[in-house]
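The values are calculated or read from the model by the stated rules, or taken from the named source; none is laboratory data. What you see is a predicted model, and the numbers here were worked out from it, not measured in a lab. Virtual Cβ from ideal backbone geometry, glycine too; neighbours counted across all protein chains shown.
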Amino acid sequence: MLKHGILGLINYHEMTGYEIMQAFRDSLSYFWKVQTSQIYRELQTLENKGWIDKTVVPQQGKPDKNVYSITDAGRGELLRWLSEDDPGLNSRFPLLMKVFFMGEQSREENIKYFEGLKSYCSLFMESLASVPQQIEAYSAFIDDREKALYWDMTVEYGRRSMQMCMEWAQSCIEQLERIGDQ
């Protein structure tokens, strides 16, 4: 999945590994966490597959800069992945794995956990407030502004997911409190 995220970014315009990391930090990290080392490892894999090209740009007084661009084969792979029927909903959910086994803890610890989850989701939603400005800044790199509409859709999914998570956490708290009242 990371390879397709990188291909998608490079498809917009040529980028260095550092610029790819910045783009992840500013946008994709809201739903896909990645380490710098993973990006550079994946860039090597993409280059070996012939999906991207690397151009070395000499710099004075600094290490040479590697600029990556997508190849026709890489764009073909990106489009193939985008057209897959699998919606990607059968992902892992560490949150649900944890909740499944929370019966091993005290009710009070679990109520505290769900309260913390609500706070986390609220903070996450607040962090999305700056995203429209980031979308505007990144949309300058693309020739078709309609593509930024899909970035907005992604943000809206994040907002709705966090809202649902807060409501679900509150429901869990209420259920646990009702059990304690019995």
* Structure fact -> How many residues of segment 138-168 are more than 16 Å from the chain's Cα centre (by Cα) and assigned to a helix (DSSP H, G or I)? The answer is 10
* For segment 78-88, what are the residues that are over 13 Å from M1 (Cα atoms) and at pLDDT below 90? -> D85
* Count of segment 1-42 residues which are more than 22 Å from T154 (Cβ to Cβ) and touching a strand residue (DSSP E or B) at 6+ places or on another chain (Cβ under 6 Å) -> 2
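Only one residue in I20, I39 is closer than 24 Å to D144 by Cα and either in the same structural domain as D152 (by TED's automatic domain parsing) or in contact (Cβ under 8 Å) with a residue 24 or more places away in the chain (or both), so which one is that?
When all the criteria are applied, what remains is I20.
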* Provide a single number: the residues in segment 21-62 that are of a type in the set (V, I, T), closer than 19 Å to R75 by Cα and loosely packed, with under 13 Cβ neighbours inside 10 Å. => 1
* With the checklist (1) touching a Leu at 6+ places or on another chain (Cβ under 8 Å); (2) within 26 Å of P94 (Cα to Cα) in hand, flag the one item M21 doesn't pass. => (1)
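Yes or no, residue by residue, for (1) in contact with a helix residue (DSSP H, G or I) (Cβ under 9 Å, 6 or more places away or on another chain); (2) at pLDDT below 90; (3) β-branched (V, I, T); (4) not assigned by TED's automatic domain parsing to the domain that holds L28:
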{"site": "I70", "(1), (2), (3), (4)": "yes, no, yes, no"}
{"site": "G76", "(1), (2), (3), (4)": "no, no, no, no"}
{"site": "Y113", "(1), (2), (3), (4)": "yes, no, no, yes"}
{"site": "V131", "(1), (2), (3), (4)": "yes, yes, yes, yes"}
{"site": "S139", "(1), (2), (3), (4)": "yes, yes, no, yes"}
* To do: Return yes or no: is I135 more than 20 Å from the chain's Cα centre (by Cα), more than 30 Å from G50 (Cβ to Cβ), of a type in the set (A, V, I, L, M) and not assigned by TED's automatic domain parsing to the domain that holds L9?
  => no
